[in-house]
Amino acid sequence: MNTLANRAIDPQDEEALLDMISKWVEGEVRPIVKQYDHADEWPAHLVDQMAELGLFGATVGQEYGGLGLPASTYAKLVMKISAAWMSITGIFNSHLMLALAIEKFGTQAQKELWLPKLASGELRGGLALTEPDAGTDLQGLRMTARRDGDDYVINGTKTWITNGINGHVFALLVKTDPAANPRHKGMSLFIADKREGFSVSRKLEKLGYKAIDSAEMVFEDYRVPASHLIGEVEGQGFYQATGGLELGRINVASRGVGIAEGALQLALDYAQMRKTFGKPISEHQAIQLKLGEMATRAQAARLLTLDAAARFDRGERVDMEAGMAKYFASEAALENSTESMRIHGAYGYSKEYDIERLYRDAPLTCIGEGTNEMQRIIISKQLVARSQGR
Ligand SMILES: Cc1cc2nc3c(=O)[nH]c(=O)nc-3n(C[C@H](O)[C@H](O)[C@H](O)COP(=O)(O)OP(=O)(O)OC[C@H]3O[C@@H](n4cnc5c(N)ncnc54)[C@H](O)[C@@H]3O)c2cc1C
């Protein structure tokens, strides 16, 4: 079931929202991005502004205080912000995956308790699936939760968790029955807030995606009441954790579109300003070929992503379409940022110009929400299944 299906927004309201986001990006984000990215500093004041803009509740239902946006509007909003600074979209995107798991699979009491605080940004968080020995193969994870009276006691380590340091609460995937066969039937998803037994062991240093924290977390005899088990049923965790992946992939695709378009814009501006052999480099055919390819890639990525989002909004199954959008848009981000850097010549290699940030940020979109190797496998499997009418 897609809890976001059949949502609609008045086109004028959508335009007003996107206009407000554009003004925020140009007025508040762009002027400080270089400073915070290079210092790898968490932009606390931007996070407060994001809460005021409603971004922490962007896809949360209005009955819980969210904006209740359809995926199409959400995608456009993420594209706009990512064109300036992709990192900061992770501060609310990972958080919204946690909120989605609760809204989609939680009990009514869990929704009423957690969603209003998540939507307002009073509590922020993310999704904690990956472990040191298990990323793509999530069913191989080792973290366990053992029932003890009215509580569960959780032990293990998670890694690469976005918002791990600055966030307050996470959807935590664990094994409640490590011997289950098939393995996914022994997995459960918990709402894990920071309390005794939950510590952040280290901040991970990264190539790009700066200013947002990625952390390793350790759980040692971490005890939570059984009411923190999402849906209050064991064995549903794998299904619940992957239940948000379609929207998650539309989100990463949108980040890719933003980077691909941002890199194109930087290249376009630079190519008209920089002169060699008596004319702007935009008049040299080698540069024209690059710009033509970059523009086509960015537009194709945008259309694939908006198509997947529109289908998602109509309640269709979109694992293949979201996979295609995520795969294509993230590769477009990688290629456009590389080509834009080359168009900048030596200045593309300088930390004084913005393109080096896009070049460092783009590869993450090829890894997050399922690597691009896995996306192609998913697309192919769906092609076969659909051709057989399944
Ligand atoms: C900056 C950053 C932020 C992240 N944020 C989060 C987060 O908030 N929460 C979270 O839970 N995780 C997060 N992750 C982790 C991310 O989801 C994983 O890195 C990703 O799922 C890949 O897992 P892995 O790194 O263990 O690679 P592996 O699974 O070890 O894969 C290694 C390589 O093998 C390939 N491969 C693996 N299996 C197959 C197969 N069956 N067929 C073909 N190829 C295969 C992969 O495509 C990849 O190329 C983050 C990662 C990064 C870098």
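The values are calculated or read from the model by the stated rules, or taken from the named source; none is laboratory data. Keep in mind the model is a prediction, meaning the values are calculated, not measured. Note that each Cβ is placed from the backbone with ideal geometry, even for glycine, and that neighbours are counted across all protein chains shown. Surface accessibility is based on the protein's heavy atoms, side chains included, excluding ligands, DNA and RNA. Shrake-Rupley method; radii C 1.70, N 1.55, O 1.52, S 1.80 Å.
Here's the yes/no breakdown for (1) modelled with pLDDT under 95; (2) open to solvent by 10 Å² or more (accessible area, probe 1.4 Å); (3) farther than 18 Å from residue 169 by Cα; (4) not in a helix (DSSP H, G or I):
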position	(1), (2), (3), (4)
63	no, yes, yes, no
75	no, no, yes, no
82	no, no, yes, no
90	no, no, no, no
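When the range 119-156 is filtered for residues that are touching an Asp or Glu at 6+ places or on another chain (Cβ under 9 Å) and within 12 Å of the ligand (Cβ to nearest atom), the ones remaining, listed by number, are 125, 132, 136, 138, 140, 141, 143. When residue 31 is tested against (1) in contact with a helix residue (DSSP H, G or I) (Cβ under 7 Å, 6 or more places away or on another chain); (2) not in a helix (DSSP H, G or I), exactly one condition is not met: (1). Contact annotation: residue pairs with Cβ atoms under 7 Å, 6 or more positions apart or on different chains, pairing a residue in the range 354-375 that is free of Cβ contacts under 8 Å to residues at least 40 places away in the same chain with a partner that is open to solvent by less than 20 Å² (accessible area, probe 1.4 Å) and not polar (S, T, N, Q), are 356/348. For the range 200-214, the set of residues classified as of a type in the set (Lys, Arg) and outside any strand (DSSP E or B) consists of 206, 210, listed by residue number. Based on this model, can you work out whether residue 161 counts as within 27 Å of residue 367 (Cβ to Cβ), crowded, with 17+ Cβ neighbours inside 10 Å and more than 12 Å from the ligand (Cβ to nearest atom)? No, not satisfied.
Within the range 124-153, restricting attention to residues that are crowded, with 19+ Cβ neighbours inside 10 Å and of a type in the set (A, V, I, L, M, F, W, C), the residue that is nearest to the chain's Cα centre (by Cα) is 127. Among the residues of the range 164-186, those that are more than 10 Å from the ligand (Cβ to nearest atom) and touching a Ser or Thr at 6+ places or on another chain (Cβ under 7 Å) comprise 174, 175, 176, 178, 186.
Exactly one residue out of 241, 271, 253, 298 is at pLDDT below 95, buried (at least 20 other Cβ atoms within 10 Å of the Cβ) and not β-branched (Val, Ile, Thr): that is 241.
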